[in-house]
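The structure under discussion appears below in the form of structure tokens.
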Amino acid sequence: MRRFLYALLLLLAVALVISRFAEFQQIINTFRLGAWYWIAFAAAVHAVYLVNVTAGYRAAFRIVGVEERLVNLIPLVIAANFVNVVTASGGIAGMAIFADDARRRGLSATRVTLGGVLFVLSDYAAFLCVLAIGFVILFRRNGLAAGELVAAGILVLAAAGLSLLLILGLR
């Protein structure tokens with residue numbers, strides 16, 4: 001059964017590549033015609049970003065008592081970022097990767113999940129600080145509309161929900 005699922009997944013991936021061949025060709029042309037130094041710079045900036053996010057996860061895990069090396073976390077962070085982008089879950093779906101890896105290596109999946117929630121909560125807190133500055137600027141320019149206020153309210157509710165999960169996890 002497992003081989004059948006892998007074969008089906010491979011078949012779907014090939015079908016996606018064939019159906020989106022023009023887009024892949026355009027990406028290849030962009031890389032071929034683009035300035036190599038800007039592409040290399042963008043790749044370097046992205047690598048620094050991934051190391052920074054990994055260090056954030058490592059710090060969150062250390063707070064909850066899980067010691068982990070940065071080198072071991074980088075592939076997990078890359079996979080978690082991919083899952084978070086694909087599922088659009090606000091950063092929560094990627095924690096399953098960390099919990100599964102912790103369970104496989106005999107670490108506490110609960111502590112790892114709590115560390116992941118702590119990281120996502122700190123990420124939301126930083127975003128809410130930037131959002132507050134943006135609202136101050138929009139308020140001073142009389143540029144606030146109902147759409148911005150509703151979107152900000154949803155983000156604040158998501159951060160409050162994560163805070164509640166964190167408090168429950170601590171208890």
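Annotations
- Number of the exception - GLU67 against (1) farther than 18 Å from ARG103 by Cβ; (2) open to solvent by 70 Å² or more (accessible area, probe 1.4 Å): (1)
- Qualifying residue in region 122-130 (condition: on the phi > 0 side of the Ramachandran plot, at pLDDT below 85 and surrounded by fewer than 18 Cβ atoms within 10 Å (Cβ to Cβ)): no
- Matching residues in region 156-168 - criterion: being open to solvent by 60 Å² or more (accessible area, probe 1.4 Å) and either under 22 Å from GLY134 (Cβ atoms) or of a type in the set (Lys, Arg) (or both): VAL156, LEU157
Rundown of residues vs (1) of a type outside the set (A, V, I, L, M, F, W, C); (2) at pLDDT 95 or above; (3) under 30 Å from ILE92 (Cα atoms), yes/no style:
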{"residue": "GLN25", "(1), (2), (3)": "yes, no, no"}
{"residue": "ARG32", "(1), (2), (3)": "yes, no, no"}
{"residue": "VAL45", "(1), (2), (3)": "no, yes, yes"}
{"residue": "VAL53", "(1), (2), (3)": "no, no, yes"}
{"residue": "VAL64", "(1), (2), (3)": "no, no, yes"}
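- Restricting VAL77, VAL86, VAL117, VAL112 to residues that are within 16 Å of the chain's Cα centre (by Cα), hydrophobic (A, V, I, L, M, F, W, C), modelled with pLDDT under 85 and open to solvent by less than 30 Å² (accessible area, probe 1.4 Å) narrows the list to VAL117.
The values are calculated or read from the model by the stated rules, or taken from the named source; none is laboratory data. Source: prediction; values computed, not measured. Ideal geometry is used to build each Cβ from the backbone, glycine not excepted, and the neighbour counts take in all protein chains shown. Areas reflect the complete protein model, heavy atoms only, side chains present, ligands, DNA and RNA absent. Shrake-Rupley method; radii C 1.70, N 1.55, O 1.52, S 1.80 Å.
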